[in-house]
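Mind having a look at this structure? Questions to follow.
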Amino acid sequence: MSILPDFLRSLILTMVFSFATPILIVGGGLAIAIFVRQLPFLNAIGQVGIDQILEFLAIFGSGNPLQGGLIIGTTCSLVGALFDTYASSQNPRGH
């Protein structure tokens, strides 16, 4: 049996999870800031949090927060793929 299908499955799963993790973390922070903004006595703090997160994403996306999130996710996905490739070469599954 060939190692290639197992390696590709591992690589694709690693890339998907590595892409989704920063998106979920940043999205979770944004969701918390939106929730905090709904509280009357924490409105200003929530708005500052939202503005900071969107500004952070806009830096990576040339002014567009959505593009910034995709850039961060893609970069993390490539790093995860490189790490998985390195780990697979250090510990081959066939041995």
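Out of all the residues in the range 22-36, which are under 21 Å from Thr74 (Cα atoms) and open to solvent by less than 70 Å² (accessible area, probe 1.4 Å)? If you could, list the steps in order and put the result at the bottom.
Within the range 22-36, the first condition is being under 21 Å from Thr74 (Cα atoms), and the residues that meet it are 22-30.
Matches in the range 22-36: Pro22, Ile23, Val26, Gly27, Gly28, Gly29, Leu30.
Identify all residues within the range 74-87 that are surrounded by fewer than 18 Cβ atoms within 10 Å (Cβ to Cβ), in contact (Cβ under 8 Å) with a residue 40 or more places away in the chain and not hydrophobic (A, V, I, L, M, F, W, C); write none if there are none.
Within the range 74-87, Thr74, Thr85 meet the criteria.
With polar (S, T, N, Q), without any contact (Cβ under 8 Å) to a residue 24 or more places away in the chain and touching a helix residue (DSSP H, G or I) at 6+ places or on another chain (Cβ under 6 Å) as the only criterion, which of Gln47, Gln38, Gln52 stands out?
Only one candidate qualifies: Gln47.
Another one. So which pairs qualify, if the first residue must be in the range 18-35 and under 20 Å from Ala81 (Cβ atoms), the second must be open to solvent by less than 60 Å² (accessible area, probe 1.4 Å) and among the hydrophobic types (A, V, I, L, M, F, W, C), the Cβ gap must be under 6 Å, and the two must be at least 6 apart or on different chains?
Ser18/Cys76; Pro22/Ile72; Pro22/Cys76
Any residue at all in the range 36-47 that's touching a Gly at 6+ places or on another chain (Cβ under 6 Å) and part of a helix (DSSP H, G or I)?
Restricting attention to the range 36-47, the residues satisfying the condition of being touching a Gly at 6+ places or on another chain (Cβ under 6 Å) are 36-37.
Narrowing further to those that are part of a helix (DSSP H, G or I): 36-37.
Checked against the condition, which is being touching a Gly at 6+ places or on another chain (Cβ under 6 Å) and part of a helix (DSSP H, G or I), the range 36-47 yields at least one hit.
Please give the number of the condition Ser62 fails out of (1) part of a helix (DSSP H, G or I); (2) open to solvent by 90 Å² or more (accessible area, probe 1.4 Å).
(1)
The values are calculated or read from the model by the stated rules, or taken from the named source; none is laboratory data. For clarity, every value in this text was computed on a predicted model and none was experimentally measured. Because the Cβ atoms are built from the backbone with ideal geometry, glycine has one as well, and the counts that use them run over all protein chains shown. With ligands, DNA and RNA removed, areas are computed over all heavy atoms of the protein, side chains included. Shrake-Rupley method; radii C 1.70, N 1.55, O 1.52, S 1.80 Å.
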